[in-house]
Amino acid sequence: MSLSIKYRGRLSGCNYDCHYCPFAKRVDDKATLTQDAADLARFVDWAETRQSKLKILFTPWGEALIRKPYQEAMVRLSHMPHVERVSIQTNLSCSLGWIEALNIETAALWCTYH
């Protein structure tokens, strides 16, 4: 069995304020970021215990890859043997050094140009 999962957590803040975008018009406060990171960690821990093949797409309302927990989640998930694909929607405005740790066989970035 293979599961395809679309993950959208509490994150809704973005580092851009594009006039055409209906989302991400807020800045997440510290409490929201803390809870979102905890939720994400719980999801990654859950994914690690699965025996089914997984395909995971992160589609946040805001920009996730400027947040270290999402970078770490992408790396960790990309190295799990039962994860066939882990991808994330991003404006790619983050620092990119962490990408070197990804398993490029399973990780993907859905990048939008701004």
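The values are calculated or read from the model by the stated rules, or taken from the named source; none is laboratory data. Predicted, not measured: the structure shown is a model, and the values here were computed from it. Note that each Cβ is placed from the backbone with ideal geometry, even for glycine, and that neighbours are counted across all protein chains shown. Surface accessibility is based on the protein's heavy atoms, side chains included, excluding ligands, DNA and RNA. Shrake-Rupley method; radii C 1.70, N 1.55, O 1.52, S 1.80 Å.
Assign one of three labels to the chain, namely rounded, prolate or oblate, based on the Cα gyration tensor with a ≥ b ≥ c the square roots of its eigenvalues; rounded applies when a/c is under 1.5, prolate when it is not and a/b is larger than b/c, and oblate otherwise.
Here the chain falls in the prolate category.
Run the helix sum for the chain: -39,500 (n - 2.57) per DSSP H stretch of 4+ residues, divided by residue count, reported at 222 nm to the nearest 500 deg cm²/dmol.
On the way: 2 runs with 31 residues, N = 114.
When only DSSP H runs of four or more count, the value is -9000 deg cm²/dmol.
Counting only protein heavy atoms, what percent of the accessible surface of the stretch 4-114 is carbon or sulfur at a 1.4 Å probe?
Details: 3540 of 6510 Å².
Result for the stretch 4-114: 54 percent of the exposed heavy-atom area is carbon or sulfur.
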| query | Given 5 Å bins starting at zero, what is the percent of C-alpha pairs of the stretch 49-114 in each, up to the one with the largest pair distance? | reply | 4, 19, 30, 25, 15, 6, 2, 0
| query | Ranked from highest to lowest mean number of other Cβ atoms within 10 Å per residue, what is the order of the peptides 27-33, 85-91? | reply | 85-91, 27-33
| Of Pro69, Ala101, Ser2, farthest towards positive along the dipole that unit charges on Lys, Arg, Asp, Glu beta carbons give the chain | Ser2
| query | Using a simple charge model, +1 on the beta-carbon of Lys and Arg, -1 on the beta-carbon of Asp and Glu, nothing else, what dipole does the stretch 29-88 show about its Cα centre, in debye to the nearest 20? | reply | 180 debye
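Counting only heavy atoms of protein chains, what accessible area per residue, in Å², does the chain have with a probe of 1.4 Å?
Numbers: 6800 Å² over 114 residues.
Ligands and nucleic acids excluded, the result is 60 Å² per residue.
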| note | In debye to the nearest 20, the charge dipole size for the chain, taken about the Cα centre with +1 at each Lys and Arg Cβ and -1 at each Asp and Glu Cβ, equals 280 debye
| message | Between helix 30-49 and the chain, what is the angle of the helix's C-alpha long axis to the longest principal axis, kept within 0 to 90° and rounded to the nearest 10? | response | 20 degrees
| Around Cys94, with a cut-off of 12 angstrom between Cβ atoms, what is the net charge of the other residues, counting Lys and Arg +1 and Asp and Glu -1? | +1
| GNM, the chain, Cα, under 10 Å: largest mean-square fluctuation among Leu96, Leu54, Leu11? | Leu96
| query | Mean separation of Cα pairs under 8 Å and 6+ residues apart, divided by the residue count of the chain: what relative contact order is that in percent? | reply | 27 percent
| task | Could you list the chymotrypsin sites (Phe, Trp or Tyr not before Pro) in the stretch 21-114 that lie in coil according to DSSP, counting only those with at most 15 other Cβ atoms within 10 Å of their Cβ? | result | Phe23, Tyr113
| Rounded tilt (10° steps) of 68-78 against the dominant C-alpha axis of the chain | 30 degrees
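Could you work out the local net charge near His79, counting Lys and Arg as +1, Asp and Glu as -1, over the other residues with Cβ closer than 11 Å to its Cβ? Show your work: numbers first, answer last.
Values: positive: Arg76; negative: Glu48, Glu105.
Cβ neighbours under 11 Å give a net charge of -1.
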